[in-house]
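This report refers to the structure that appears directly beneath it.
Every read-out reported here was derived from the displayed coordinates using simple, explicitly stated rules and does not represent laboratory data. Nothing here was measured: the structure is a model prediction, and the numbers come from that model. Virtual Cβ from ideal backbone geometry, glycine too; neighbours counted across all protein chains shown.
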Amino acid sequence: MPTAARVIAALCLAALAWLVSDMVKPLFEEGKTFGNFNLINAVVGFLVGWQVVGARAGRGMGAAINNGLTGGVVMLFWALLLHSSYKMFQVSMRGRYDGAFEAAAAAFQIMFEFATLIATPLIITTLVVGSALSGLFAEYTSRRAS
C-alpha cells in the first residue's frame with residue numbers, strides 16, 4: 001500500500017544510488033562506457049527504499065536508523081549482484097565458462113571484485129550517512145503523515 005513514508009524512502013535511496021553511482025565511475029578504467037548505470041542503480045534504490053525502508057517506517061528513531069542502514073546494504077547488494085550478473089552474461093556469451101555453475105560462481109567473483117573496487121572511505125561514508133538519513137526522513141514522514 002502506498003504511503004508517504006514509502007515514497008520518501010524510495011526517493012531518498014534512489015537519489016543516494018544516483019550520487020554513489022557518480023562517485024563510483026572514476027574508479028573504473030578510463031574510457032569505460034556506463035550506459036544506464038546511474039538509472040539502473042536509482043531504480044534498485046527506489047525499489048529497496050519502497051520495500052525495505054518505507055515498509056518499516058514508524059517504529060521509532062533507533063529503528064529508523066537501522067532500517068536505513070539495512071536498506072543501504074540491501075541496495076548495495078542488489079546493485080552489485082545485478083551488475084556482476086550482467087558482466088558475467090557478457091563474458092559467457094564469448095564462451096568463457098564451461099557450465100552454468102562456473103558462470104554463477106564467476107558472477108559472485110565479479111561481485112566481490114566490484115565490491116573491493118568501490119570500498120573506499122568516501123563511498124562507504126556516503127552510503128552509511130545517506131542510508132541512515134533516508135531512514136530518518138522516512139520515519140519523520142511517517143510521523144507527520146499519520
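Things worth noting here:
- Proximal charge balance of ALA57 [Cβ under 15 Å; K/R count +1, D/E count -1]: +4
- Cα-based convex hull volume of the stretch 4-145 per residue, rounded to whole Å³: 102
- A simple rule links phi to the HN-Hα coupling: the Karplus curve 6.51 cos²θ - 1.76 cosθ + 1.60 with θ = phi - 60°, which for the stretch 105-117 gives 5, 5, 4, 6, 5, 5, 4, 5, 5, 4, 5, 5, 5 Hz, with x for Gly and Pro.
- Order of LEU80, LEU27, LEU47 - criterion: other Cβ atoms within 10 Å of each residue's Cβ, fewest first: LEU27, LEU47, LEU80
- Taken one residue at a time, the phi angles of the stretch 83-91 give Karplus couplings (6.51, -1.76, 1.60, θ = phi - 60°) of 6, 5, 5, 5, 4, 4, 4, 4, 5 Hz. Gly and Pro are set to x.
- Neighbourhood charge, 14 Å Cβ-Cβ cut-off, centred on THR141 and excluding it, Lys, Arg +1 and Asp, Glu -1: +4
- Label point distance in nm, THR125-ARG144, each placed 7 Å from Cα along Cα→Cβ: 2.8
- Neighbour counting of Cβ atoms within 10 Å sorts the residues LYS32, LYS25, LYS87, fewest neighbours leading, into LYS32, LYS25, LYS87.
- Other residues whose C-beta falls under 15 angstrom from the C-beta of MET93 contribute a net charge of +1, scoring Lys and Arg +1 and Asp and Glu -1.
- Given charges at beta-carbon only (K, R positive; D, E negative), |dipole| of the chain in Debye: 480
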